[in-house]
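First up is the structure itself, then whatever we jot down about it.
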Amino acid sequence: MNSIYDSRILNLVIFSPLLVAGLLAFLPRNEKGQIRALTLGGMVLNLLTCLWAYSRFSPTSPVEFQLEYRLAWVDDLGLSYHVGVDGISMGLVLLTGVLGPLVVLSSWTFVDERVKEFHLALLVLQTAMLGAVCAVDTLLFFVFFEAMLVPMYLLIGVWGSEERQMAAMKFFLYTMVGSVLMLVALLAVYFLAAPAGMRSFDYSTLYNGLMSANRELAQYLKANPAGDGAGLSAAALALLRYGPYLFLAFALAFAIKVPMFPVHTWLPDAHVQAPVAGSIVLAGVMLKMGTYGFWRFAIPLFPVASRQFQLLLAALAVVGIVYGAFMCLAQRDIKKLIAYSSVSHLGYCMLGMLAFTAEGATGSAYQMLNHGVSTSALFLLFGFLYERRHARLMSDYGGIAKVMPVFSAFFLIVTFSSVAVPGTNGFVGEFLVLLGSYKSNLPLWLSVAATTAVVLGAAYMLWMVQKVFFGQVTHQENLGLKDLGPREVVAALPFVLLIAVMGLKPQPLLDVIDHSTQRFVARAKYAAGEGPVDDSKVRVVVRPLPKDAVAQVAPTLPPAVPAHPTPIPLPMRPVRLQPAQPQLQPATP
Amino acid sequence: MNIPHLTFQDLLPVAPAGVLVVGAIVLLLSEVFLSTAQRTYQAVIGTLTALLAGAVAMNNAFEPARAALQGYVVLDPFSQWMTVLVCLGTALASLLSAGFLNHRNAERGEFYALILFSAAGMSLLAMSAEFITLFINLEVLSISTYALTAFLRRGPRPAEAGFKYFILGAFSASLLLYGAALLYGATGSTRFLDVGLALPQAFAQQPGLVYAGFGLVLAGFAFKVAAVPFHMWTPDVYEGAPTPVTALMSAGVKAAAVVALVRTFLFLVKGLSPEVPFIAFSALALLSMVGGNLLALPQRNVKRMLAYSSIAHAGYLLLGVAALFAPATAKGSDAVGLFTATPLLGSMPNVAASVYKGLLFYLLGYTVTALGAFGTIAALERREDETRSNTWDLERFAGLAQRKPGWAAAMAAFMLSLGGVPPTVGFLGKLYLFGAAVDAGLLGLAVAGVLASVAGVYVYLRVVVYMYMRPAPADAPAPFRHWTTEVALIASAVAVVALGVLPGPVTEWFSRAGMVFGS
């Protein structure tokens, strides 16, 4: 059953944290308890809206973007405020929503300075992240993608540890370099995808506009692989000539965010210096923006170019997996170890995606959610330890299991998830990814190399656990450490539940992302001539912009007045068309 | 004697300038009949005059493009919207000046009168369609700003800045005049319309003369726009001038000069090989974008840093101008380079409308942002520290977020907008301009521009770092408070964010700027 709320839920999902931030701005800065409580309340409210959206989301529906909402925004660019969720973004919305309250709980006592600004930044960040995963308009995505940077930059730079300013600046500039190049590429796609007057940054316009050109190009390249493009249509020719560069610009922006080897170097710094909340959000959601960007934009928009670079990117992903694992083995700093394990785990994500097989893509999507849960949990738990001891080196600990049994139990479960022990969520994702990559056209040695890293992953995590938790208590200070309090247990429990549920009963979540993976694979293969010949399987269908706004997309200018004085016509006033009214029609099922 | 027949319609384009001049005269007279020492009302008069002139210009902006006053000026939406922007900048600048001058006991009616005179010069400059008119308006604008630069006449800095600005300004004006004289010699006319008509033939006969005239006029404009390599005066003058005047110079003078440059060269390129203006503007744009951002990197003095940033922003504007002059005959098979136009789809689209819109929107964004940024600096600086030259040091911003969260948030918004980070107006402006450049196929230049802008982001973020991540020094002075300053800063901060999120009808209004006279 549809209700008129269905088309509004996502607005609530995206903007409820911002509304709470507006309320928070009125609280006096010394009322720390009230500020924390209000933020927690806001995040819980936000989680409830996410769950509401999930309850209205139908995994079996053939409609790609559900709960759509569309409103004209900047008419003359064809920009619309267009949000909607498909399977993968629904998964990420849930992940973001769940992490929200836990992040607040994790910093309840950790952050005691400038509490109000801290929570404002958290709330704004939440809005930006949810906006980015829900955006169907590419420029809207870009705006949210960039808007995430500022609060995260402040989180790292203001509340981080010693080297925080350098880490924050590095984080910002790395991301910025990628994203400005992507913006140029995005502009190029915008001009390529539609003729003047029909242009729009909407995902549907860009994808559908490039679809036939991509197909034409793929068929041409199949017939004559080294052709210079003679006889191609203008759009296909442009894609032949500039497509690889455009794809690389998109890929660079997202690869920095993932982060893939060799542009990962900002991540260890950012993670080590960030406060617990920053690390959780960074690992949990923000890194997913990179993989999500590949999934949603880079690969579907440039299927031919992504085929050309498939091997290179997959090789980089595998290098990241193995290199990340080796780096982990060499670390003495626990936070750095978890950070490098992110590089390794997200390598699996990228490998599965680049396999372009159903199993690989499913595994990749599942691995995104897994990594969000398990790595965030590691950061959260280590944050509790750090708050007590203010030390990050493994050698500062030892025998913690004796002092903090509950904490150690939690940490072990999360470690198992991170190592991908069967029965935890990590296993499902990694298994599917590796299965997908064996089945794909990628060379076997890549998959084999990726598989060996599974062993390395177990090695470095268990090694770390052994050094920190088992053996004798080597430091006097560690004897007095208190075990987890009720608030901390409440913050950690959801993670353990998620690990168990996602590991033992993955089917419901796999169902949610199923249609999305099918579409992804069909789109990735469409151009290679292997996928469905039928356009309708890959075409993006979205709700159209209300009519009068479409007319405005490119105002046809009156011809320029001739260069000599002419009789004065009547003064002209622009006809201000009404902004598009959101239609009160029932949302997509 | 031949008295030209002028109608009301002819006077319409100059009406905003008329309003500004009347306001300036009122302010000058107010100084004569003054009975109180309280002079804030003069700033209010200045602001209201500017707003009134802006309203008049906005009314004009919906008129169709045509020549007026016998072809000496033109009435077109492009120049009238520019006048609206200048008036907006002037209004904000005179509000900012009230607190600034009050703090220094230097509040005088002639200051506001000079601001209004220079605004009138900017407005007229943008609509001039004849070389002598252009030169006179340029001088009206320049002489007012020379005087404003040296307005706080005690101390070596204003005198040095004023003198330097005067010498270099006069030099550049004479370059422009010399170029105009050469073109007059080649074509026999000073009216752009006739120059444009006669140029193809003149070029065929005496290409050297035309090229020399073209180059000199371009150099003259490049000085005013502060494009690299004609930017040398900018940091010193911007640093030495009273800060609200710097704000007006960076926004208003630049806007007027860019619009006048576009108008002049729309006519001057006729007959020339299309590659020549394109490569000239591309080179200026590239040098300014890269040079401005890189030169800003080592600055610790925020005012100087913003001066270099204004050079970089001139570069982005010139990128739009280069897109406007991209040769239509570009072949699709050309390799992508810095000075080549390779339209994506092979044939050159008509980008004029989007360039004009982009230029105006960028100028709008830059006006509100720069006024706000310089306004914040003005509120933090102390006259007595100027000799120790740490009054504009980054250290001044240390810990501002804890001392004055509102001021810090506003300054952060201005910095992010200058860096082009969404959701601010600076981002939308860059989107329009770079969009036009990509559409015209200036791929190499656009990539160079965005990469240079990342260097700029580093520079702007450093201010944010100091405000939010450094502890305040014990003797940190609080920003002085004056209601006019606060009104101006709130207005510009709101505009920076609101226009970035919901530009509303503004973009549609600017779409009409595509009707440029003579294009």
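The values are calculated or read from the model by the stated rules, or taken from the named source; none is laboratory data. Computed from a predicted structure; not experimentally measured. Here the Cβ positions follow ideal geometry from the backbone for every residue, glycine too, while neighbour counts run over all protein chains shown. Only protein heavy atoms, including side chains, enter the accessible area calculation; ligands, DNA and RNA are left aside. Shrake-Rupley method; radii C 1.70, N 1.55, O 1.52, S 1.80 Å.
Quick check on my link table: of B:K254/B:K303; A:K170/A:K482; A:K505/A:K525; A:K505/A:K537, which ones sit more than 24 Å apart, alpha carbon to alpha carbon?
Working: B:K254/B:K303 17 Å; A:K170/A:K482 36 Å; A:K505/A:K525 30 Å; A:K505/A:K537 29 Å.
Check vs 24 Å cut-off fails for A:K170/A:K482; A:K505/A:K525; A:K505/A:K537.
Over the protein assembly as shown, one equal point on each Cα, no solvent: what is log10 I(q)/I(0) by the Debye formula at q = 0.07 Å⁻¹?
Rounded to two decimals, the profile gives -0.66.
B:R153 to A:W52: FRET efficiency via 1/(1 + (r/R0)^6), r the Cβ-Cβ distance, R0 41 Å, to the nearest 0.05? Present the calculation step by step, with values, prior to reporting the outcome.
Numbers: r = 67 Å, r/R0 = 1.63.
FRET efficiency, B:R153 to A:W52: 0.05.
Calculate the FRET efficiency for B:L451 and B:N350 from the Cβ-Cβ distance with a Förster distance of 22 Å, rounded to the nearest 0.05.
Working: r = 28 Å, r/R0 = 1.27.
The calculated FRET efficiency here is 0.20.
Once ligands and nucleic acids are excluded and a 1.4 Å probe is used, how much of B:W483 is accessible, expressed in Å² to the nearest 10?
Number for this one is 140 Å².
If you line up the long axis of helix B:207-225 against the longest principal axis of chain B, both from Cα atoms, how many degrees apart are they, to the nearest 10?
Helix B:207-225 sits at roughly 20 degrees to that axis.
Excluding ligands, DNA and RNA, what is the solvent-accessible area per residue of the range B:262-342 at a probe of 1.4 Å, expressed in Å²? It would help to have the intermediate numbers written out before the result.
Numbers: 2290 Å² over 81 residues.
In whole numbers, the range B:262-342 has 28 Å² accessible per residue.
Kindly provide the helix-only [θ] at 222 nm of chain B, computed as the sum of -39,500 (n - 2.57) over DSSP H runs of four or more divided by all residues, to the nearest 500 deg cm²/dmol?
Details: 21 runs with 363 residues, N = 519.
Taken over chain B, the calculation gives -23500 deg cm²/dmol.
Before anything else, pin down the relative contact order of the range B:1-96: Cα pairs under 8 Å, at least 6 apart, normalised by residue count, whole percent. Spell out each step's value before the answer.
Working: 100 pairs, mean separation 32.4, N = 96.
After rounding, I find 34 percent.
Work through the residues other than B:M127 whose Cβ is under 14 Å from its Cβ and net out their charges, Lys, Arg +1 and Asp, Glu -1. Present the calculation step by step, with values, prior to reporting the outcome.
On the way: positive: B:R66, B:R191, B:R263; negative: B:D10, B:E63, B:D76, B:E130.
Result for the neighbourhood of B:M127: -1.
Counting only protein heavy atoms, probe 1.4 Å: which residues of the range A:134-169 lose 30 Å² or more of accessible surface in the full assembly compared with their chain by itself?
At a threshold of 30 Å² (probe 1.4 Å), the residues of the range A:134-169 that become less exposed are A:V143, A:E146, A:V150, A:Y153, A:L154, A:Q165, A:M169.
Please give, to one decimal in nm, the separation of the simple spin-label points placed at A:D535 and B:L34, each 7 Å out from Cα toward the Cβ.
Computed distance between label sites A:D535 and B:L34 equals 7.4 nm.
Quick check: Cα centre of the range B:58-128 to Cα centre of the range A:128-154, how many Å?
That distance is 38 Å.
Taking 0.36 nm per residue of separation and subtracting the Cα-Cα distance, what length does fully extending A:R487 through A:S161 add?
Working: separation 326, 0.36 × 326 = 117.36 nm, distance 2.36 nm.
The A:R487-A:S161 span can extend by a further 115.0 nm.
Can you tell me the relative contact order of chain B? Whole percent, Cα pairs under 8 Å, sequence separation 6 or more.
On the way: 973 pairs, mean separation 84.5, N = 519.
Averaging sequence separation for qualifying contacts and normalising by length gives 16 percent for chain B.
Can you figure out the FRET efficiency of A:K402 with A:L504, using R₀ = 45 Å and their beta-carbon distance, to the nearest 0.05?
Numbers: r = 30 Å, r/R0 = 0.67.
Result of the calculation: an efficiency of 0.90.
Could you compute how much accessible area chains A and B hide from each other, both sides summed, with a 1.4 Å probe? Nearest 100 Å² is fine. Intermediate values should be presented prior to the final figure.
On the way: alone 22880 and 18490 Å², together 36150 Å².
Between A and B, the summed buried area is about 5200 Å².
Expressed in whole Å with the largest first, what are the equivalent ellipsoid semi-axes of the range A:309-504 derived from the C-alpha gyration tensor as the square root of 5 times each eigenvalue? All intermediate terms of the calculation are to be shown ahead of the outcome.
Values: eigenvalues 209, 60, 27 Å².
Whole-Å semi-axes of the equivalent ellipsoid: 32, 17, 12.
Taking just the alpha-carbon atoms of chain A, what radius of gyration and Dmax come out, in angstrom?
For chain A, the Cα-based Rg and Dmax read 24.7, 97 Å.
In Å², what does the accessible area per residue of the range A:334-457 work out to with a 1.4 Å probe? Show your work: numbers first, answer last.
Details: 3160 Å² over 124 residues.
Heavy-atom accessible area per residue stands at 25 Å².
Per-residue mean of other chain beta-carbon atoms within 10 angstrom of the beta-carbon, peptide B:495-506?
Values: counts 0, 0, 0, 0, 0, 1, 3, 4, 6, 5, 5, 1.
Mean shielding count: 2.
Grab the alpha carbons of chain B, take their convex hull, and tell me the volume per residue in Å³. Write out the running numbers ahead of the final one.
On the way: hull volume 71.3 nm³, N = 519.
Dividing the Cα hull volume of chain B by its residue count gives 137 Å³.
Rank these residues by their accessible area, most exposed first, probe 1.4 Å: B:M232, A:M353, B:M348.
Working: B:M232 125, A:M353 0, B:M348 40 Å².
Ranked list, largest accessible area first: B:M232, B:M348, A:M353.
With every protein chain present, what accessible area does A:E113 have (1.4 Å probe, heavy atoms only), rounded to the nearest 10 Å²?
130 Å²
Relative to the longest principal axis of the C-alpha atoms of chain B, give the angle of the C-alpha long axis of helix B:302-324, reported between 0 and 90° and rounded to the nearest 10°.
It works out to around 20 degrees.
Can you tell me the mean projection area, over all orientations, of the convex hull of the range A:33-111's alpha carbons? Units nm², please. Walk me through the numbers before you get to the answer.
Values: hull surface 28.7 nm².
Dividing the Cα hull surface by four gives the mean projection, 7.2 nm².
Within 9 Å, Cβ to Cβ, of A:V158, how many net charges do the neighbouring residues add up to if Lys/Arg are +1 and Asp/Glu are -1? Numbers along the way, then the final one.
Numbers: positive: A:R114, A:R164; negative: A:E113, A:E117.
Net charge around A:V158: 0.
Just the accessible area for A:K537, please: 1.4 Å probe, Å², rounded to the nearest 10?
The value for A:K537 is about 120 Å².
Mind checking the angle between helix A:115-134 and chain A's longest principal axis? C-alpha axes, 0 to 90 degrees, to the nearest 10.
Relative to chain A, helix A:115-134 is tipped by roughly 50 degrees.
Once you order the gyration tensor axes a ≥ b ≥ c over the Cα atoms, which shape class does the range B:45-154 get: rounded for a/c under 1.5, otherwise prolate or oblate by comparing a/b with b/c?
On the way: a/c = 3.69, a/b = 1.70, b/c = 2.17.
Since a/c reaches 1.5 but b/c is at least a/b, the shape of the range B:45-154 is classed as oblate.
In cubic angstrom, how much convex hull volume per residue do the alpha carbon atoms of the range A:216-304 span? Could you put the intermediate results ahead of the total?
Values: hull volume 8.2 nm³, N = 89.
Looking at the range A:216-304, the number lands at 92 Å³ per residue.
Averaged across the residues of A:176-188, what count of C-beta atoms belonging to other chains lies within 10 Å of each residue's C-beta?
On the way: counts 9, 5, 1, 4, 13, 5, 1, 11, 10, 3, 3, 11, 7.
Taking all residues of A:176-188 together, the mean is 6.
For B:K404, B:K430, A:K505, give me the order by solvent-accessible area with a 1.4 Å probe, most accessible first, ignoring ligands, DNA and RNA.
Details: B:K404 50, B:K430 15, A:K505 130 Å².
Highest to lowest solvent-accessible surface, that is A:K505, B:K404, B:K430.
What number, rounded to the nearest 500 deg cm²/dmol, is the helix-based mean residue ellipticity at 222 nm of chain A, given -39500 (n - 2.57) per DSSP H run of at least four residues and division by all its residues?
Result for chain A, helices only: -21500 deg cm²/dmol.
If packing is taken as the average number of other Cβ atoms within 10 Å across a peptide's residues, how do A:180-193, A:219-232, B:102-115 rank, most packed first? List each step's numbers first, then the result.
Numbers: A:180-193: 24.6, A:219-232: 12.6, B:102-115: 20.6.
Descending packing order for the listed peptides: A:180-193, B:102-115, A:219-232.
Would you be so kind as to identify which of A:V433, A:H371, A:H475 lies farthest towards the positive end of the dipole of the range A:355-477, taking Lys and Arg as +1 and Asp and Glu as -1 on Cβ and the Cα centre as origin?
Of the options given, the answer is A:H475.
Using a simple charge model, +1 on the beta-carbon of Lys and Arg, -1 on the beta-carbon of Asp and Glu, nothing else, what dipole does the range B:11-514 show about its Cα centre, in debye to the nearest 20? Let's see the in-between values first.
Working: 29 positive and 23 negative charges, 125 e Å.
Computed about the Cα centre, the dipole is about 600 debye.
Could you give the dipole magnitude of the protein assembly as shown about its Cα centre, charging the beta-carbon of Lys and Arg +1 and that of Asp and Glu -1, in debye to the nearest 20?
Values: 68 positive and 56 negative charges, 195 e Å.
About 940 debye.
Tell me, what is the percent relative contact order of the range B:408-495, built from C-alpha pairs under 8 Å that lie six or more residues apart?
37 percent
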